[in-house]
1. Which residue, of Val342, Val322, is of a type outside the set (S, T, N, Q), touching a Pro at 6+ places or on another chain (Cβ under 7 Å) and outside any loop (DSSP other than H, G, I, E, B)?
2. Spot the failing condition for Leu419; the list is (1) under 18 Å from Pro433 (Cβ atoms); (2) under 51 Å from the mean Cα position of the chain (by Cα); (3) not in a helix (DSSP H, G or I), and only one is missed.
3. For the range 385-394, what are the residues that are loosely packed, with under 14 Cβ neighbours inside 10 Å, over 47 Å from the mean Cα position of the chain (by Cα) and not aliphatic (A, V, I, L, M)?
4. How about the range 19-56: which of its residues are hydrophobic (A, V, I, L, M, F, W, C) and closer than 26 Å to Ser272 by Cα?
5. Does Asp194 count as surrounded by fewer than 20 Cβ atoms within 10 Å (Cβ to Cβ), at pLDDT 95 or above and within 18 Å of Asp86 (Cα to Cα)?
6. Out of (1) touching a Leu at 6+ places or on another chain (Cβ under 9 Å); (2) in a helix (DSSP H, G or I); (3) more than 20 Å from Leu263 (Cα to Cα), the odd one out for Leu309 is which?
7. Which condition from (1) in a helix (DSSP H, G or I); (2) without any contact (Cβ under 8 Å) to a residue 40 or more places away in the chain is the one that Met267 breaks?
8. From the residues in the range 143-155 that are in contact (Cβ under 8 Å) with a residue 40 or more places away in the chain and not charged (D, E, K, R), which one is nearest to Ala226 (Cα to Cα)?
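The values are calculated or read from the model by the stated rules, or taken from the named source; none is laboratory data. As the structure is a prediction and not an experimental result, all values here were calculated from the model. All Cβ positions, even for glycine, are placed from backbone atoms using ideal geometry, and neighbour counts span all protein chains on display.
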Amino acid sequence: MTTVTRFAPSPTGYIHVGNLRTALMNYLIARKTGGRFILRLDDTDQERSKQEYADGIMRDLEWLGIHWDRIEKQSLRLDRYAEAADQLRASGRFYEVFETPVELDLKRKKQLNMGRPPVYDRAGLNLSDDEKAKLRAEGREGYWRFLLNQNRIEWADGILGPISIDAASVSDPVLIRADGQVLYTFASSVDDIDMGVTHIVRGADHVTNTATQIQIMEAMGGTPPAFAHHSLLTGPQGEALSKRLGTLSLRDLRARGVEPAALLSLMARLGSSKPVELMTSMDELAEGFELSSFGAAPTKFDAEDLFPLTRTYVAGLPFAAVAGRIAELGVPEGMAEAFWSVARENITVLDDLGQWWTLCRDGAEPLVAPEDEAFVREALALLPARPWTQATWGEWTEAVKAATGRKGKALFMPLRKALTGREKGPEMSDLMPLLQAVRGV
């Protein structure tokens, strides 16, 4: 049997790290088994769904190298959902209800006060046709619930282990709103059966959805896929991440210079028993991916963890991979490769190249301590004329040492800070041939 997985985002916003975790797990399962991966846009909410978000989702996935075998839009399948709804009505599993949100809230409060679980009382099942007609005449709009079989719903979860939920403790879910909008629980169930989805990985907040969807799928004559529910992400101190997800969209992380390999490497291992390590190909990610290695405990995510991985990835890039970017900075072709060799170990993201080229081209504001001012003036007076080579730094510091008696850190650090405005950076013998200007000289 061919493995089929899917990622079903709503195009009502941009993908964030929580979405990516779901997408990547499903993609790697398909990739590892030679299966198929479906991108399915849950766009039945016509008011909130926007094409710009759908385009953004596809752009983000392509940036990461997550390629889908087919794309589906739920908005193009409304006739199929109507057909499935008629099938469930005919079999007695759909029933129309009319309670308002206020009435439902009062029912819940009454049940809680009586020490009962706040489960829908199925009052709609007892309505006669005449009673329904009267409610409609009063301006009530009917909506549709799925009639659950009140037995235990069980499955072997790929991450959480054996799950058993008493359907009697769950309200019959609303599947079609009064305005006719098909809700996620129903549309997703129909799609998963029709599209032959065999494995679904999603967040632990969907566990109850899974229980009801299993019954919906079975009621339509389908075989439910294998389910797994990954832990939810929290902030680095265990705080809820939901309020920060807007700042953790993939487009924002990309704008901060995070590399796809760093993001994928972290998300493929975060929350698992395996160590996070930089992996540079999708095949490598898939080979090391084991769903059983993930735990159920909430998983801490810190965006700052992406930058050491990005730094390692960037440092390993060959010159050919960055030649175009370096040319765009205006680095002369004859010194471009030497510039990359010097800068690569001293940047975190590729955008940092710009500040190093500005330093080489224009010089830096000298960083000179008051006690070093006389020493630096004397040293700069001894600076050899251009062109500078890799030997220049050693020759110059030897001359300054002989003239001033300084040595070690007291000799080298003030000179580095005077030329670069920084306490740290590349080997000065490598950097000096690239310096087009030195302020104060």
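1. Val342
2. Against the list (1) under 18 Å from Pro433 (Cβ atoms); (2) under 51 Å from the mean Cα position of the chain (by Cα); (3) not in a helix (DSSP H, G or I), Leu419 comes up short only on (3).
3. Within the range 385-394, Arg386, Pro387, Gly394 qualify.
4. Scanning the range 19-56 gives Leu20, Ala23, Leu24, Met25, Leu28, Ile29, Ala30, Phe37, Ile38, Leu39.
5. yes
6. It fails just one condition, (3).
7. So the condition that Met267 fails would be (2).
8. Checked the range 143-155; the qualifying residue nearest to Ala226 (Cα to Cα) is Trp155.
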